[in-house]
Amino acid sequence: MILESAPLDVIPGREAAFEAAFAEAQHIIAGMPGYIRHSLSRCVERPNRYLLLVEWERLEDHTEGFRRSPEYQRWRALLHHFYEPIPAVEHFRPVSL
């Protein structure tokens, strides 16, 4: 399992519109091969900052499958104009302790 982490800084004043667009966009990502689940959280201290976490079966399900798909273009059209700056996405593997 791979955990994708994307801190999303939404342009101040656009939070409600972003949340409405995300409600539509989440169905796009949820239908992708290798998708497991996702969550979107809003920062308490900085209300225009969100944290998107997506679990994928494999890294390639996100980096190749989703990002190179026609569905990604729809995702971008719905969401990317809300971000300033464009988020730096990172991927994590669970640690066995």
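What to note about this one:
- Cα long-axis angle, helix 70-79 against the chain (0 to 90 degrees, to the nearest 10): 30
- DSSP-loop GluC sites (Glu not before Pro) across segment 37-67, with at most 15 other Cβ within 10 angstrom: Glu45, Glu57
- Overall, the anisotropy analysis places segment 1-49 in the oblate class: the square-rooted eigenvalues a ≥ b ≥ c of its C-alpha gyration tensor yield a/c not less than 1.5, with a/b not exceeding b/c.
- Calculated log₁₀ intensity ratio I(q)/I(0) where the Debye formula runs over C-alpha points of the chain, q = 0.22 Å⁻¹: -1.20
- For segment 22-97, the set of trypsin sites (Lys or Arg not before Pro) satisfying both a DSSP loop assignment and a count of at most 11 other C-beta atoms within 10 Å is given as Arg68.
- Tilt relative to the chain, helix 15-30 - C-alpha long axis, 0 to 90 degrees, to 10: 20
Only the coordinates and a few stated rules stand behind these numbers; no lab work does. Quantities reported herein were computed from a predicted structural model and do not represent experimental measurements. Here the Cβ is made from the backbone with ideal geometry for all residues, glycine too, and neighbour counts use every protein chain on show.
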